[in-house]
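In what follows, a structure is listed as structure tokens, so that the remarks can point back to it.
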Amino acid sequence: MAGTGLACALVLVIADRFFAVHEDPRIEAVAALLPGINCGGCGFAGCSDYARAMVAGEAAVNLCGPGGAETSHKVAAMLGVEASARQRMVALVLCGGDASKTTRKSRYNGVADCVAAHSVGGDKLCRYGCLGYGSCARACPVDAIEITAGRLAVVHPDICIGCGNCVRTCPRSLIRMAPDSRTLHVICSSKDKGPVVKKACSVGCIGCTICTKLVKNEAIKMEGALAVVDYTRDPESDAAAEKCPGHCIVLTKAGVAS
Amino acid sequence: MSIVKAMFRAVGGVHPDYRKSATAQKAVREMPLPALLRVSTAQHLGAPSRPVAKKGDAVLRGARLAEPAGFISAAVHSPTSGVVKAIADAPTPTGATAPAIEIEPDGRDAWDPSIAPKPDWQTMSSKNLAALVVEAGIVGMGGAGFPTHVKLSPPPNKPIDTLILNGAECEPYLTADHRLMIERAEQVWAGAEIIRHILGAKTVRVAIEDNKPDAVRSMERAMAGAAGDVAIAVLKTSYPQGAEKQQIYGITGREVPTGGLPMDVGCVVENVGTALAIFDAIVNGRPLTERITTVTGSPVADPSNVLARVGTPYGDLVSFCGGTSGPVAKWISGGPMMGFAQHSLETPTTKTTSGLVALAPGDLTAFASTPCISCSRCVTACPMKLLPCELSQILEAEDYAAAEALNVLDCIECGCCAFECPSRRPLVQHMRRGKARAMARRRAEEAKKKGK
């Protein structure tokens, strides 16, 4: 018995010597600094994969949305690299049409899921608007998205960690990432022309282009019949929010549709 | 020429009420031209066609309005002579929106001079005939709208020995194909002979369910002089007998492999309406611009089989049938098992609109769906031998990889599982969502491979 034990121990000692995996100890240390929720917002398969990439010098240290500036500074200090400041980004639902503001074209009584509802055209007259069946809310790892009583998805910017899972989930592609510091937003995604939008919704972009003239630096541009904010440019003025005849430009903290 | 009973009993299936009596004995009526026709560019499976007509163009009937955008796509032709009013988005029966060419008829209904009849088709090669089918924009008229020329040009390593002409019409309410086989049997059979010539198929079977004995007699007369291994296969009535994979099994005993096509087992299935369209396209040189649609349901004042131009708004079809005599809870484009609920009657008909069914409030039951009780009725009903109960729970949990492993992509969306489910679970919807996700994943993977 003792002999067998000794022989096995010997085999294990040899195996430990020859098959040991040498991993950079920094990877574990860096991973420990990350939040560890594996949201995937950085573009890597979880926190330890991102840590490996940073140690190998393949990724910037400021990609972690949930960790924010604090984490990137800590990682930068540990790896001895420069941490450049990064805007905190939060998700923003570009639709403000809840039940009180939009027209429903039909009664949908299928699976309560946006992908399923979208596959049959949805029940809203607006074919770009939020369906409100909560696919994004279910994809959110931190429960930052609320589906209101009027069946509209709204992001709580204080909770949002900026991972972007909701952006990838929405079948109508109406969630976008916006800098936390910005306050002027066009809350509409409808590419339809004015008369069509007006029929479907009371808070839709009618493509009048007034906002593009009220902001500076071309911070709002027209994409067809839809006004789109360019978050890399500063609008310098909030006049567009008051003057918007479609009532779809709001002045608020990112993520909260008034 | 003989009448045979289908040899094999198809797997699964259900027996919904036929509800065909309102229109089964009514002759097809031709509808006058509506004030405006909206011809959709998404009338078939595959890529929507590209409009070639421009606003303001004067067009004649049969002139090309849109060209196919790829191999799996189809051309679209003007259903009458008139002026192109606009090219604007219009709703499609599936709930989507697609560009449509709006035509205001001029009342002359004159054919385009390019129409070239080919009564001597026997002397033409398969390739030339298949090219004429492409030219005529013919798609499967049973409902799915698969471009017909794809079926008619099998690769050389997949020879076709059996052509099945599908006259099963297993959906409740619909009688369009039934009337077609009674009233235009000779032309349907002539179309079948053309398809047979193109494919070089030895055997032809005309599949008809045993609840349409008059159609069997009518087709029998039309096929009396036919040569070779030709027969009418009488199927025991059950749903979804009209689905091609089920029909092939019922008649030949061959099973189409998972992910495969009927041509993999040497078969091609064509709807009887498609056969007529091919006859019209080749012998008369006329592209596909009209079809028979059954407008029925208890609220419809005068349920009828209507021969209407492609692009006729549903509302006009209903007024032609006397409007409605009572409240309508639901309009369905197609049959009630696989059709699509409509939110507006502005939607125009397409080449695949086999029916428009109105359901009264009493025809519908509102129900709440409850958890699966594992009774396995859906498993017994599934004609594709899938496990809808398990798949629906997997899909509820959004585990798309597991659903793909259980062959969710084989689902034909016939609705038998949901029809049988005592818990009233929305099984087909779960399947549709699962299929959409699985296809999206496959496409992403292919794109990735191409990128690398």
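What are the pairs with Cβ atoms under 6 angstrom where one residue, in region A:100-113, is more than 7 Å from every other protein chain (Cβ to nearest Cβ) and the other, located anywhere, is part of a loop (DSSP other than H, G, I, E, B) and of a type in the set (A, V, I, L, M)? Sequence gap at least six, or different chains.
A:LYS101/A:VAL203; A:THR103/A:LEU125
A:VAL93 is checked against (1) within 14 Å of another protein chain (Cβ to nearest Cβ); (2) touching a Leu at 6+ places or on another chain (Cβ under 7 Å) and fails just one. What number does that condition carry?
(1)
Would you call A:SER237 within 30 Å of A:TYR50 (Cα to Cα) and of a type outside the set (Lys, Arg)?
Against the criterion (within 30 Å of A:TYR50 (Cα to Cα) and of a type outside the set (Lys, Arg)), A:SER237 does not qualify.
Is there any pair with a first residue in region A:168-188 that is outside the structural domain of A:SER119 (by TED's automatic domain parsing) and a second that is open to solvent by 10 Å² or more (accessible area, probe 1.4 Å) whose Cβ atoms are under 7 Å apart and which are 6 or more apart or on different chains, and what are they?
none
What strands (runs of 3 or more DSSP E), lying completely within region B:33-146, carry at least 3 residues that are within 14 Å of chain A (Cβ to nearest Cβ)?
The strands (runs of 3 or more DSSP E) meeting that bar are B:82-91, B:97-105.
Let me confirm something: among B:ALA243, B:ALA215, which residue is of a type outside the set (Val, Ile, Thr), crowded, with 24+ Cβ neighbours inside 10 Å and touching a Cys at 6+ places or on another chain (Cβ under 9 Å)?
B:ALA243
Quickly run through region B:254-305 and pick out the residues that are touching a residue at least 40 places away in the same chain (Cβ under 8 Å), open to solvent by less than 30 Å² (accessible area, probe 1.4 Å) and assigned to a loop (DSSP other than H, G, I, E, B).
B:GLY266, B:GLY285, B:PRO287, B:LEU288, B:THR289, B:GLY297, B:PRO299, B:PRO303, listed by residue number.
Testing B:SER392 on (1) open to solvent by 30 Å² or more (accessible area, probe 1.4 Å); (2) without any contact (Cβ under 8 Å) to a residue 60 or more places away in the chain; (3) within 13 Å of chain A (Cβ to nearest Cβ), one condition comes back false. Which one is that?
That leaves (1) as the condition not met.
Do the conditions hold for A:THR212, that is, is it touching a helix residue (DSSP H, G or I) at 6+ places or on another chain (Cβ under 6 Å), of a type in the set (Val, Ile, Thr) and more than 16 Å from A:GLY96 (Cα to Cα)?
No, not satisfied.
Among the residues of region B:313-324, is any touching a residue at least 40 places away in the same chain (Cβ under 8 Å), among the β-branched types (Val, Ile, Thr) and surrounded by 24 or more Cβ atoms within 10 Å (Cβ to Cβ)?
No: region B:313-324 contains no residue that is touching a residue at least 40 places away in the same chain (Cβ under 8 Å), among the β-branched types (Val, Ile, Thr) and surrounded by 24 or more Cβ atoms within 10 Å (Cβ to Cβ).
Provide a single number: the residues in region B:331-354 that are in contact with a Pro (Cβ under 9 Å, 6 or more places away or on another chain) and either over 26 Å from B:LEU288 (Cα atoms) or more than 14 Å from every other protein chain (Cβ to nearest Cβ) (or both).
9
Can you tell me which residues in region B:164-197 are under 26 Å from B:TRP331 (Cβ atoms), outside any helix (DSSP H, G or I) and touching a Lys or Arg at 6+ places or on another chain (Cβ under 6 Å)?
Matches in region B:164-197: B:PRO172, B:TYR173, B:THR175.
The values are calculated or read from the model by the stated rules, or taken from the named source; none is laboratory data. This is a predicted model, so every value here is computed, not measured. Neighbour counts run over all protein chains shown; Cβ positions are idealised from the backbone, glycine included. Surface accessibility is based on the protein's heavy atoms, side chains included, excluding ligands, DNA and RNA. Shrake-Rupley method; radii C 1.70, N 1.55, O 1.52, S 1.80 Å.
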